[in-house]
Each structure stands twice: as C-alpha cells, then as structure tokens.
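Data block below; observations after.
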Amino acid sequence: LCAVIVGGGSIISVGYNKSNTNGFVEHYTDKILGKRDYALSSHAEMDSIAKVRSKTNLVGCKVFVARRSKEGNNPVMARPCPICQAMLRAYGIKRAFYTIDSNRYGIMNLANNKPDEIVRF
C-alpha cells in the first residue's frame, strides 16, 4: 500500500505500510476506537502524514492511496480505514482518492462526510 499527499500540484509526502507502530499511530487508534489492538501496523496514510506533520501545513491537500494484489499486481481496495480518515481530517486533508479494483476508484470527501463517489476508469 502506498499513500501520496499532494498539495499545490506538488508531491508533499509518500508513505508506505509498515509492520511497526508508534505513539502517533497509537494516539489516533485510542482516540477513534478507544483501544490499541486495531492498528498493529502503521498504514501508508499514517506514515505519509507522520513524515511531514511538524514541518508542512497539510490543510487543503489531497491524498492518493493505492494497493495492488499480491498475485498479478492488479489494483485492489485501498479505502482509508476509520483511523486513517480521522487522521486525514485532523490534518486538514480534504479528499482521498483510492483504488477499488482494475476498473474503479473512489473519491472520499473528508471535508463534509458526503458518501464516496465511485468512478470508472
């Protein structure tokens, strides 16, 4: 899984899934779910924010999240989880674009919680 934060037409940060966790991830897990057993790893969205959160204003940025299958490298579902959604909102990221499958992608409007828009390639 990969997440790319874009602002003003430039790539601001790139993050990847990691098998470890940290205090930043645990804080949001506690805040959203009230327990830590959900985020046993750092998601790509979390990693991309953690890399720039103290030095870059992310308000108004977009994030692009993609995942590929282990067999065949086809795009598969990469919709941000509830913890990642809360983290993206907290840092002012307004939209998340994510892969669904080889023929569709989703657009999540984080600013006003509208239903996701599903788009065909």
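The values are calculated or read from the model by the stated rules, or taken from the named source; none is laboratory data. Since we're looking at a predicted model, the values are computed, not measured. Note: ideal-geometry Cβ built from the backbone for every residue, glycine included; neighbour counts use all protein chains shown. Heavy atoms of the whole protein, side chains included, go into the accessibility calculation; ligands, DNA and RNA do not. Shrake-Rupley method; radii C 1.70, N 1.55, O 1.52, S 1.80 Å.
Quick look at the values:
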item: In sequence order, calculated HN-Hα J values of region 60-75 (Karplus, 6.51, -1.76, 1.60; Hz; x Gly/Pro); result: x, 6, 10, 10, 10, 10, 9, 9, 10, 6, 6, 9, x, 6, 7, x
item: Three-way shape label, region 1-97, alpha-carbon gyration tensor, a/c 1.5; result: oblate
item: Potential extension, residue 54-residue 77 segment - 0.36 nm per residue separation minus Cα distance; result: 5.3 nm
item: Portion, in percent, of the accessible area of region 1-98 that falls on carbon or sulfur, probe 1.4 Å; result: 49 percent
item: For region 53-59, Karplus couplings with θ = phi - 60° (6.51, -1.76, 1.60), whole Hz, Gly/Pro x; result: 4, 8, 10, 9, 7, 9, 4
item: Three-way shape call for region 77-121 based on the alpha-carbon gyration tensor, with the a/c threshold at 1.5; result: prolate
item: Reachable lysines from residue 70, criterion Cα separation under 29 angstrom, eight or more residues apart if same chain; result: 18, 51, 62
item: Percentage relative contact order, region 25-121, counting C-alpha pairs under 8 Å, at least six apart; result: 22 percent
item: Choice from 51, 94, 70 showing the highest fluctuation, given a GNM over the chain with Cα pairs closer than 10 Å; result: 70
item: Residue 30 versus residue 107: modelled label distance in nm, points set 7 Å from Cα along the beta carbon direction; result: 3.8 nm
item: Translational diffusion coefficient (Stokes-Einstein; Kirkwood radius from C-alpha pairs) of region 44-106 at 10 °C, 1.306 mPa s, in µm²/s; result: 129 µm²/s
item: GNM flexibility winner over the chain from 49, 93, 32 (Cα, springs under 10 Å); result: 32
item: Cα-centred dipole magnitude for region 1-65, charges only on beta-carbon of K, R (+1) and D, E (-1), debye, nearest 20; result: 140 debye
